[in-house]
Amino acid sequence: MEVAYRFGFDAAHRFDDYPPGHAYRGVHGHSFQVEVALEGEPDAASGFVADLGAVERACHEVRAALDHRMLNEIDGLAKPSLENLCTYIWCALAARFPNLSRVTVRRDSLGQSCSYTGQ
C-alpha cells in the first residue's frame, strides 16, 4: 500500500545558465505542490502504513525551509530545478521515514512535475 501527504509552498528562483534576456534567467516565482508517499504493509497493531501526523509535522518543517524563499539561496538548491527540489525534499525526509517511496513536485500552473523514488 501507499499513503501520501501533500503540501504546497510558494517560492522564487532563477536559472543563471540561461542566456541573458531569457525569462528563466531572471528571478521568477511559482506555486509548488509536493506529494510525499510512503509504502508498506499496515502495522498489525495500528492499522497504519505510516503515522501521517508525523509525516505532516516533518513536511511542515520542509515547507518552512522553502516557503516564500529564494530557492537559489538554500544550501543544496543553487540550481532549483524540479529534479533538485525532489532530491532536496527526499534527503530532508528519508532518514525519518525509511519507507519513503516517492517525492513528487508539481508546478500545476505549467502542467509540469517530477517524481523521485530514491537512489
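Matching residues to (1) closer than 19 Å to Tyr24 by Cα; (2) touching a Gly at 6+ places or on another chain (Cβ under 9 Å); (3) of a type in the set (D, E, K, R):
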residue: Gly40; (1), (2), (3): no, no, no
residue: Glu56; (1), (2), (3): no, no, yes
residue: Ala78; (1), (2), (3): yes, no, no
residue: Glu83; (1), (2), (3): yes, no, yes
residue: Asn99; (1), (2), (3): no, yes, no
residue: Arg102; (1), (2), (3): no, yes, yes
residue: Thr117; (1), (2), (3): no, no, no
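Based on what the data block shows, is Ala37 surrounded by fewer than 17 Cβ atoms within 10 Å (Cβ to Cβ), of a type in the set (A, V, I, L, M, F, W, C), touching a strand residue (DSSP E or B) at 6+ places or on another chain (Cβ under 6 Å) and in a strand (DSSP E or B)? So Ala37 fails the test. Of all the residues in region 60-87, those that are in contact (Cβ under 8 Å) with a residue 24 or more places away in the chain, assigned to a helix (DSSP H, G or I), under 21 Å from Gln112 (Cα atoms) and of a type outside the set (D, E, K, R) number 8. On inspection, Arg14 qualifies as among the basic types (Lys, Arg) and more than 16 Å from the chain's Cα centre (by Cα). In the set (1) of a type in the set (Ser, Thr, Tyr); (2) in contact (Cβ under 8 Å) with a residue 60 or more places away in the chain; (3) crowded, with 16+ Cβ neighbours inside 10 Å; (4) not in a strand (DSSP E or B), Ser109 fails one condition alone, (3).
Rule-based calculations on the coordinates, nothing more; no lab input. Everything numeric here is computed off the predicted structure, so don't read it as measured data. In this analysis, Cβ positions are derived from the backbone assuming ideal geometry, glycine residues included, and neighbour counts consider all displayed protein chains.
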